[in-house]
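Below: one structure, written as structure tokens.
The values are calculated or read from the model by the stated rules, or taken from the named source; none is laboratory data. Keep in mind the model is a prediction, meaning the values are calculated, not measured. No Cβ is skipped: glycine too gets one built from the backbone with ideal geometry, and neighbour counts run over all protein chains shown. Accessible surface areas use protein heavy atoms only, side chains included; no ligands, DNA or RNA. Shrake-Rupley method; radii C 1.70, N 1.55, O 1.52, S 1.80 Å.
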Amino acid sequence: IIGGPCAVESLEQMETVARHLAHAPVQMLRGGVFKPRTSPYSFQGMGSAGLTILSAVRQRYGIPVVTEVMSINQIESIVAHADLLQVGSRNMQNFDLLKALGEAGKPVLLKRGLAATLEEFVFAAEYILSHGNPDVILCERGIRSFDSFTRNILDLGAVVALKQITHLPVMVDPSHAAGKRELVAGLAKAAVAAGADGLIIECHPEPEQSVSDARQALSLPEMVELVQSLGPVAAAVGRRVRGVEPVRELSAA
């Protein structure tokens, strides 16, 4: 499970997140420092200063970090500070970037494009694989739909299909699929039941004050509660959540 804010805002923010989530537990901390935004006037991230913050939190709390890479010229600096490189939905078919990540020497979290078919998604992963990097994680984050009630439509059928047609691990991002924090827990549980290998979920010390994607961010207590609640769901399908105590069977009377 990966958790953290959409964007790195300060060292204090990221340390607060790390302290809470280390006991959730999550296995990796997320935080964007280069942010692709629909509006050019929205917050674009802290850039290199954000990488310094991620590196400090990573070292102090011993928790791996993931952040998004948007261009080839960002790869070298991000590789020096992060453990997992994320390719966002908008860059899924940035083929030159994918080729370069094939030679980056770090695992890649590849998000599905907002209107990508499964074939296009898998071929995007093949660009990274074919250039020498076997460590690719696929991430379903919802696809565009005619219905505006949710931000996107979470395609859990894709999770099941990808587990059958590829050998790659598959994660789910319920935050970007839902766009509303009150929907995130239900979608996260459904993803676990459908066979997802992991989740990436947005949370923030003060969700309403988040500089980006505030509406979909969980509070830190909500994030901890969600992680713990996933245990019974995983157990029901013969799996377990890493770091969460397995569900104990009731003894016979």
> Out of (1) in contact with a Phe, Trp or Tyr (Cβ under 8 Å, 6 or more places away or on another chain); (2) surrounded by fewer than 22 Cβ atoms within 10 Å (Cβ to Cβ), the odd one out for Y127 is which?
Replying inline: (2)
>> Please go through the stretch 208-238 and give me each residue that is free of Cβ contacts under 8 Å to residues at least 24 places away in the same chain and touching a Ser or Thr at 6+ places or on another chain (Cβ under 7 Å), ordered by number.
In response: none
> Which pairs have Cβ atoms under 6 Å, sit 6 or more apart or on different chains, and link a residue in the stretch 174-195 that is touching a residue at least 12 places away in the same chain (Cβ under 8 Å) to one that is hydroxyl-bearing (S, T, Y)?
Replying inline: A178/T150; G179/T150; V184/S175
>> Checking E222 against (1) at pLDDT 95 or above; (2) over 15 Å from L21 (Cβ atoms): exactly one of these is not met. Which one?
In response: (2)
>> Could you check the stretch 205-220 and list, in sequence order, the residues that are over 15 Å from the mean Cα position of the chain (by Cα), surrounded by 19 or more Cβ atoms within 10 Å (Cβ to Cβ), within 17 Å of R151 (Cβ to Cβ) and not polar (S, T, N, Q)?
In response: P207
> If only one of S210, S175 is at pLDDT below 95 and either touching a strand residue (DSSP E or B) at 6+ places or on another chain (Cβ under 8 Å) or farther than 29 Å from D135 by Cβ (or both), which one is it?
Replying inline: S210
> In the list A188, A235, A158, A193, which residue meets the criterion of being open to solvent by less than 60 Å² (accessible area, probe 1.4 Å), within 17 Å of I2 (Cβ to Cβ) and part of a helix (DSSP H, G or I)?
Replying inline: A188
> Restricting the search to the stretch 199-224, which residues are in contact with a Leu (Cβ under 7 Å, 6 or more places away or on another chain) and part of a loop (DSSP other than H, G, I, E, B)?
Replying inline: P205
>> Going residue by residue through the stretch 50-67, is there one that turns out to be at positive phi, within 16 Å of the chain's Cα centre (by Cα), touching a residue at least 40 places away in the same chain (Cβ under 8 Å) and buried (at least 23 other Cβ atoms within 10 Å of the Cβ)?
In response: no
> Which of the residues spanning the stretch 169-185 are open to solvent by 10 Å² or more (accessible area, probe 1.4 Å), in a loop (DSSP other than H, G, I, E, B) and out of contact with any Asp or Glu (no Cβ under 6 Å at 6 or more places or on another chain)?
Replying inline: G179, K180
>> Which numbered condition in (1) surrounded by fewer than 21 Cβ atoms within 10 Å (Cβ to Cβ); (2) within 18 Å of the chain's Cα centre (by Cα); (3) part of a helix (DSSP H, G or I) is the only one that V227 fails?
In response: (1)
>> Please go through (1) over 21 Å from L138 (Cα atoms); (2) at pLDDT 95 or above for L85 and return the number of the only condition it doesn't satisfy.
In response: (1)
> In the stretch 145-155, how many residues are among the β-branched types (V, I, T) and either closer than 12 Å to V172 by Cα or part of a strand (DSSP E or B) (or both)?
Replying inline: 1
